Amino acid sequence: MNQSANVRLEGVVKRHGTFTALHGVDLEIRPGEFFALLGPSGSGKTTTLRILAGLEPVNAGRVLMDGADVTNTQPGERDVAMVFQSYALYPHMTVAGNIGFPLRMVGRPQAEIDGAVREAADKVDIGHLLDRRPGQLSGGQQQRCALARAIVRHPRLFLLDEPLSNLDAKLRLETRAELRKLQRSLGVTAVYVTHDQEEAMTVADRMAIFMEGRIVQTGTPKEVFMKPATVTVAGFIGTPPMNLLPGSLAGGEVLVAGARLPVQGAAGGAARDVTLGVRPGDIRIAAQGIPAQVELIEDYGDSTVVDLDVQGQRVKMRSGARPGVTEGEAVFLSFEPEAAHLFDRASGLRIQ
């Protein structure tokens, strides 16, 4: 079996007419890594995936696979398999026909194809469906058929474009875990595009966050969650995402909505306008602190999310126990000094 690929993008620029979809993207993906490209719609992640596949030319920069420049190589010469959101199965062919299609295209003997199809189908648990047509399969089964067709060639690089977005919530969770196990067992490098940050956080070894055609942060899910590099990343990652409030920083304290609260590592330096970020799970009701009003209490059984109003801004607090507050009540909010994330108000960049 082929080894997994090391992939590098160097200064990749992509324009569609006057619109720049990618502004000089640099990225390295290590062999055998499950790497997620995460960002809102239109941020450039699918364009990046299509460039890796060879489906889109670049306007500037290079694409390297295992050190070889493949910027101008055709998709068929790249040893890459792609799974699309739509599965793209041939309706007139059986499941076996669909899975074996890439091998027939390169002229492998039928006996070899039959064995490879059986092996790939068994890996994704659809060995019993080989005689059916795609129209006779559920969404989850179609998705597995598309995966089997991708792995049948033993590609070095596995590209997945929102492959779970057409599945219902329960099936998405199950398939997500299976996909991760499949990638591990194949030892293949996988690049996974999603706008669902929970999905990226749970499957990826590392991830790149795209915003408006640029990579704004790269790291492990934990690094990105614990230390978002910009205020936009902070507001994008986490369920619910981080609360962001305008404040000013002076002498190791942040002033927010008239309340002064200590923050860790912020002593010294001139006073400056900041955005204070606090995760919903780090906020608590206190005897003093930021004045707020309880708007809504959402009970999820194992946790509760409280929506609060702070000077016209929505703040969310999440706690395991049901907090002893009622809708409409006036309260004070606080947090541990080390739970504060500070961002420069003008640049949006994290203050270390």
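Bear in mind that the values in this text are calculations on the coordinates, not laboratory data. Here the structure is a predicted model, which is why all the values come from computation and not from measurement. Note: ideal-geometry Cβ built from the backbone for every residue, glycine included; neighbour counts use all protein chains shown.
Things to note:
- Vicinal HN-Hα couplings computed from phi for segment 339-351 (Karplus, 6.51 cos²θ - 1.76 cosθ + 1.60; Hz; Gly/Pro x): 7, 7, 10, 10, 10, 5, 5, 6, 8, x, 8, 4, 9
- Sites ARG104 and ASP66 - FRET efficiency at Förster radius 25 Å, r taken between beta-carbons, to 0.05: 0.40
- Size-normalised alpha-carbon gyration radius of the chain, reference 2.2 N^0.38 Å: 1.18
- Here r is the Cβ-Cβ distance between GLU10 and ALA321 and R0 is 45 Å; the resulting FRET efficiency, rounded to 0.05, is 0.35.
- Shown here is the pair-distance distribution of segment 243-344: with all Cα-Cα distances grouped in 5 Å bins from zero up to the longest one, the shares run 3, 13, 24, 25, 16, 10, 5, 2, 1, 0 percent.
- Greater than 30 Å apart at Cα, pairs in LYS181/LYS227; LYS14/LYS170; LYS14/LYS316; LYS14/LYS181; LYS181/LYS316: LYS14/LYS170; LYS14/LYS316; LYS14/LYS181; LYS181/LYS316
- Potential extension, GLU329-GLU298 segment - 0.36 nm per residue separation minus Cα distance: 9.6 nm
- Global form of segment 218-299, assessed from the alpha-carbon gyration tensor, a/c cut-off 1.5: oblate
- Listed residue (GLY61, ILE351, ALA321) projecting farthest to the positive dipole end of the chain, Cβ model: GLY61
- Hypothetical label at GLU198: residues of segment 283-303 whose amide nitrogen lies under 16 Å (7 Å Cα-Cβ projection): 298-303
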